[in-house]
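Remarks on the structure that follows.
The values are calculated or read from the model by the stated rules, or taken from the named source; none is laboratory data. Given the structure is predicted, the values throughout are model-derived calculations rather than measurements. Cβ atoms come from the backbone with ideal geometry, glycine included; neighbour counts cover every protein chain shown. Side chains included, ligands, DNA and RNA excluded: accessible areas come from the protein's heavy atoms. Shrake-Rupley method; radii C 1.70, N 1.55, O 1.52, S 1.80 Å.
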Amino acid sequence: MPSHTRIILTLLLATVAGGCRFDYPPMSAWIASEMVNLTDRTAPSPDRLLLDAERGLLKLFAAANETVSFQVVVDGGAEGVENLRLSADAFTDNEENRIGAGNVKIFRCLKIRVNKYPPWYLRLVDAVPREANFYDPLVPITSEKAGQPFRVKPHERFVFWVDVRVPRTARASRYAGRLNLRSDSHKTWSVALRLDVYNFVLPDARPLASIGGFDHADIFRAFIKRDGKPFVPSRLDPTRPLVRRGLILYRQLMQLAHEHRLDLFDKRIRPLMKRDMFGKVRLDWRDFDSIVRPYLTGTAFEDRIGCAAWPIPFSEDWPNPKYYGGVNSDAYAATIAGLLTESRKHFESLGAFEQAFIWPYRGPADADAYERYLRLARIARLADSETPLLSTLPANPPALSGWRVPAEFASLTNIFAPRAEWLDPSTAEKLRRPENPLAGVWLSPGTPPYLPSLGIIATPADVRAFAWFAMKYKCSGLFLPEVLHWSDDTTGGDAIGKTRLFYPGTIVGIQQVLPSIRLKRLRRGLQDLAYLWILRQRNREGIAEAIINSMVRYGGLDAAGDNYLDPRLGGWVQDPATWQMVRKLLAEEVQAVVKPTAMSTRQLVAQR
């Protein structure tokens, strides 16, 4: 019998006594860590850091206010599995402390067919990859229309993602729980879970801003129909029934992202703009405030922390310059000046001035984009001298690019968020401004291997390392210009290079926004940053830097070889076991600095 089969059987095939028919065939199920990228071809592989095969035990650890994850795979075999159900028991310790079963969330993973791979991916692998199903969209197993019980067809694979959320009030202890798999056609099996909770709380406060953009029109287009056609309202009037339905899904998306330490903003929402009898710009904020205010103030979220940043409603396409004589006209400049002046006053009245930024130019980056950006930035700066201006253009493009940066570009930009291949890491720390926490460099995805990919075919280490690079280079934030990338082909591999972190539930016939596995892995990286941030705050900067530099080595233009178009590989660690061990070391380091003991010091020396 192969070794991995013995481990799987030892771990999972423990018969539950009472009413079990022993003539049922065994269930083919196995456990994978969150650091395994599963496809329909992935073979079972033992994870000795996660699994204690001798004792049939799955080992987890976490701080209070942290979520840890793993995956469960059920293979249908020759006969399939009928009415498969998963459930989790509550976690308890010897002192009757309890973490309720409601803190365990289980999702079924859906497949995305990938039959083509980008050139950068082909460069990273040893052989041409075959067509495969990658698991990414996640559906709660409690969903009324798409939840359990499940039927696993013969030779079909079902993958489940399990989140274990440790409440912030959980006492430090060793807890025991159990994950159960039941079916009508196979023996009922369970796996024992051990959860070690450390004696510190992961802070809700974000070490850096982590934000992503979306367009509410995509939500309405995917979910809301009128007369059988997609309905996108011209105005978000909450009194209209169809708009209210869309705004419920809007809130689902915002809350789902925030739970994963990612704050979103709507790129398209704006107030109604009018003019008074003297021609002065007047803005009607009522609809805007009824929708956006809860996210800015934090009342829409469980932790009551508002979104880290939100753009003032202004860009190259709103107000549209063609209705004001063009972008160089006095009428357009006067309109923008009035718009920004009123907007700044309104954000101040909401207590959200420190969260506001201006993103004037949102088009492609090329040699001509600098002048297009500067036309808008000059107008914005004359009207508002304090709100930071964001640009996705590089401040220091390589000489071989042929791009010439105007002299005033740096003085008219406060937030630099270029794509990964244009990022100059040496400038990040210099551009930070203590007087404005948003100012500086925001890390954006781009083309690997300059920085990790966040696309469907990204490895778990890619998504996790992306957040680490932001802390390595002392960036002010993470900036994902688009997080939906929804199209007509929402279940295909058309978005392999795009940051599609959410899916419309319509792909399985439900009215719900669905998370992705990559969103979960991004949360893992952002939780790692909280560990590192605690070490920095507790004067353990040297330890934090040593750990960061060992895991993420070089990115952006630091990854360029002899030519910036020929980047070096291996900029960050890919080995899953190394990431797991480093997280354990981080937990021990934080435990030692928060609750120091003589024993912990000796243990840390051994671990290091």
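Listing for the model above:
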read-out: For R113: the one exception among (1) touching a helix residue (DSSP H, G or I) at 6+ places or on another chain (Cβ under 9 Å); (2) open to solvent by 20 Å² or more (accessible area, probe 1.4 Å); value: (1)
read-out: Odd one out for F466 among (1) in contact with a Pro (Cβ under 8 Å, 6 or more places away or on another chain); (2) part of a loop (DSSP other than H, G, I, E, B); (3) within 21 Å of I112 (Cβ to Cβ); value: (2)
read-out: Count of residues meeting criterion [surrounded by fewer than 19 Cβ atoms within 10 Å (Cβ to Cβ) and touching a Cys at 6+ places or on another chain (Cβ under 9 Å)] in the stretch 182-192; value: 0
read-out: Some residue of the stretch 412-421 being at pLDDT 95 or above and assigned to a strand (DSSP E or B); value: yes
read-out: Single condition P129 does not satisfy, out of (1) open to solvent by 30 Å² or more (accessible area, probe 1.4 Å); (2) outside any strand (DSSP E or B); (3) more than 30 Å from Q511 (Cβ to Cβ); (4) touching a helix residue (DSSP H, G or I) at 6+ places or on another chain (Cβ under 7 Å); value: (4)
read-out: Residue ID - most open to solvent (accessible area, probe 1.4 Å), chosen from residues in the stretch 381-410 that are in contact with a Pro (Cβ under 8 Å, 6 or more places away or on another chain) and touching a residue at least 40 places away in the same chain (Cβ under 8 Å); value: T392
read-out: Residues being over 30 Å from E588 (Cα atoms), under 27 Å from the mean Cα position of the chain (by Cα) and among the aromatic types (F, W, Y) - total across the stretch 199-241; value: 3
read-out: In the stretch 142-176, the residues that are part of a strand (DSSP E or B) and of a type in the set (D, E); value: D163
read-out: Candidate set from the stretch 345-370 (those that are over 30 Å from R404 (Cα atoms) and among the hydrophobic types (A, V, I, L, M, F, W, C)); member that is most open to solvent (accessible area, probe 1.4 Å); value: F353
read-out: Residues (under 21 Å from S290 (Cβ atoms), in contact (Cβ under 8 Å) with a residue 40 or more places away in the chain and open to solvent by 10 Å² or more (accessible area, probe 1.4 Å)) located in the stretch 217-239; value: D218, R235, L236, D237, P238
read-out: Selection within the stretch 273-293 - within 16 Å of K345 (Cβ to Cβ) and among the hydrophobic types (A, V, I, L, M, F, W, C); value: M273, V281, L283, W285, F288, V292
read-out: Conditions (1) within 22 Å of G525 (Cα to Cα); (2) open to solvent by less than 10 Å² (accessible area, probe 1.4 Å); (3) not in a strand (DSSP E or B); number of the one not met by L195; value: (3)
read-out: Residue among V463, V483 that is β-branched (V, I, T), modelled with pLDDT of 95 or more and touching a strand residue (DSSP E or B) at 6+ places or on another chain (Cβ under 7 Å); value: V483
read-out: Matching option when the condition is closer than 24 Å to V73 by Cβ and modelled with pLDDT of 95 or more, among R165, R130, R113; value: R165
read-out: Only listed residue being open to solvent by less than 10 Å² (accessible area, probe 1.4 Å) and either at pLDDT below 95 or not in a loop (DSSP other than H, G, I, E, B) (or both), chosen from L179, L242; value: L179
read-out: Residue match in the stretch 263-280 (condition: basic (K, R), farther than 30 Å from P515 by Cα, open to solvent by 50 Å² or more (accessible area, probe 1.4 Å) and touching a residue at least 12 places away in the same chain (Cβ under 8 Å)); value: yes
read-out: Residues (surrounded by fewer than 22 Cβ atoms within 10 Å (Cβ to Cβ) and part of a helix (DSSP H, G or I)) located in the stretch 504-517; value: T506, I507, V508
read-out: Search result, residues across the stretch 222-275 that are farther than 21 Å from N320 by Cβ and of a type in the set (D, E, K, R); value: K225, R226, D227, K229, D237, R240, R244, R245, R251, E259, R261, D263
read-out: Residue within the stretch 230-238 that is under 30 Å from Q527 (Cβ atoms) and in contact with a strand residue (DSSP E or B) (Cβ under 8 Å, 6 or more places away or on another chain) present; value: no
read-out: Answer from E82, E95, E54 - the residue that is acidic (D, E), in contact (Cβ under 8 Å) with a residue 12 or more places away in the chain and outside any loop (DSSP other than H, G, I, E, B); value: E82
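Matching residues to (1) in a helix (DSSP H, G or I); (2) more than 21 Å from the chain's Cα centre (by Cα); (3) crowded, with 20+ Cβ neighbours inside 10 Å; (4) touching a residue at least 40 places away in the same chain (Cβ under 8 Å):
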| site | (1), (2), (3), (4) |
| --- | --- |
| T499 | no, no, yes, yes |
| K520 | yes, no, yes, yes |
| R523 | yes, no, yes, yes |
| A530 | yes, no, yes, yes |
| N549 | yes, yes, no, yes |
| L557 | yes, yes, yes, yes |
| L565 | no, yes, no, yes |
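For (1) open to solvent by 50 Å² or more (accessible area, probe 1.4 Å); (2) at positive phi; (3) not in a helix (DSSP H, G or I), each residue gets a yes or a no:
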{"residue": "R293", "(1), (2), (3)": "yes, no, no"}
{"residue": "C307", "(1), (2), (3)": "no, no, yes"}
{"residue": "N328", "(1), (2), (3)": "yes, no, yes"}
{"residue": "S343", "(1), (2), (3)": "no, no, no"}
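Yes or no, residue by residue, for (1) open to solvent by less than 10 Å² (accessible area, probe 1.4 Å); (2) in contact with an Asp or Glu (Cβ under 8 Å, 6 or more places away or on another chain):
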| site | (1), (2) |
| --- | --- |
| I379 | no, no |
| L412 | no, no |
| A420 | yes, no |
| E429 | no, no |
| L443 | yes, no |
| P452 | yes, yes |
| A467 | yes, yes |
| P481 | no, no |
